Amino acid sequence: MEKKVLLIIPAYNEEANILKTYNSILEYNKEHNTSFDVIVINDGSKDNTEMILNNNNIPHITLIHNLGIGGAVQTGYKYAYQNDYDIAIQFDGDGQHDINYACKIIEPLLNGKSNMSIGSRFVDDTSSEFKSTKARQMGIKLISSFIKFFTGKKVYDVTSGFRAIDKSLIDRFSKEYPLEYPEPISTTEILKDGFVISEVPVSMNERTGGVSSIRSWKNVYYMLNVLLSIVIIGLRRTK
């Protein structure tokens with residue numbers, strides 16, 4: 001039986017990118033005979049994102065208030081759970097993620113090898129020319145080392161938002177999902193609880209428009225809080 005796959009696209013002020021991103025998915029479905037569904041979570045955008053979604057009949061859920069990336073993505077997981085999807089893929093609306101890697105990312109889930117599959121810039125040295133700034137790469141390596149210390153598992157691209165999860169994690173994340181620092185924190189939590197994660201090499205692009213939700217002045221605060229959260233999770237007894 002064919003698996004039901006949903007692409008969850010959190011969007012905050014993505015008027016410059018969201019239509020191009022959506023059209024790339026439609027084109028991919030047409031060219032590869034796939035049937036990936038899409039739900040855009042408009043996270044309280046203040047620009048013309050909502051108008052673009054409405055004018056182009058793009059499936060979406062509009063949040064009245066900005067919940068941040070964790071709340072927006074969990075809304076997508078709730079939708080996936082309620083509509084009985086087998087796989088949910090988190091996919092950025094800003095042009096950074098390449099839909100051509102979607103089938104590659106879900107492969108470890110389809111063959112039962114993992115519960116989560118992460119599209120990674122760092123699992124090899126050749127797939128992605130864009131790997132973020134040197135400072136962020138150093139931060140990612142530090143977070144990765146903390147996760148490995150407390151879980152025994154190495155994850156290279158711990159902040160990647162290009163991730164696919166199976167039905168068991170759709171169920172879990174629809175009910176319980178970190179609102180802050182969701183990628184590294186949820187990764188740590190599920191590794192502690194015995195779920196299996198795979199990483200798949202992908203190429204990512206630089207943002208084509210708009211502004212990233214993580215600003216440089218927040219980086220130190222972000223890093224300290226992520227590391228502290230990982231320590232707390234790591235010291236917690238497994239369920």
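Values in this text are rule-based calculations from the coordinates and carry no lab data. Everything quoted here is computed from the prediction, not taken from an experiment. Neighbour counts are summed over all protein chains in view; Cβ atoms, including those assigned to glycine, are modelled from backbone coordinates with ideal geometry.
From the alpha carbon centroid of the stretch 75-93 to that of the stretch 1-22 is 11 Å.
The modelled label-to-label distance between Lys175 and Val196, using points 7 Å beyond Cα along the C-beta direction, is 2.3 nm. Each Lys and Arg adds +1 at its Cβ and each Asp and Glu adds -1 at its Cβ; summed about the Cα centre, the chain shows a dipole of about 1000 debye. When each of Met223, Met138, Met204 is scored by the number of other beta-carbon atoms lying within 10 Å, the sequence from fewest to most is Met138, Met223, Met204. Look at Glu189, Glu14, Glu2, Glu199 and count the other Cβ atoms within 10 Å of each Cβ; fewest to most, that gives Glu2, Glu189, Glu199, Glu14. For the pair Asn83 and Asn57, the difference between a 0.36 nm per residue extended length and the Cα-Cα distance amounts to 7.4 nm. Using R0 = 45 Å, the C-beta based FRET efficiency linking Leu26 and Phe149 works out to 0.55.
Annotation: the residues Arg172, Arg136, Arg236, sorted from fewest to most other C-beta atoms within 10 Å of their own C-beta, follow the order Arg236, Arg136, Arg172. Our coupling estimate for the stretch 146-155, obtained by passing each phi through the Karplus curve with A = 6.51, B = -1.76, C = 1.60 and θ = phi - 60°, is 5, 4, 5, 4, 8, 10, x, 10, 8, 10 Hz, Gly and Pro reported as x.
Measuring against 21 Å, Cα to Cα, the residue pairs Lys3/Lys78; Lys4/Lys148; Lys167/Lys192; Lys30/Lys78; Lys78/Lys154; Lys154/Lys192 contain Lys4/Lys148; Lys30/Lys78; Lys78/Lys154 as the ones spanning a longer distance.
With R₀ set to 22 Å, the beta-carbon distance separating Tyr221 from Lys141 gives a calculated FRET efficiency near 0.75.
In the elastic network of the chain, a GNM with C-alpha springs shorter than 10 Å, the most mobile of Gly112, Gly44, Gly68 is Gly112. I'd like the orientation of helix 182-192 relative to the chain: the angle between its Cα long axis and the longest Cα principal axis, in ° from 0 to 90, rounded to 10. Roughly 50 degrees, rounded to the nearest 10.
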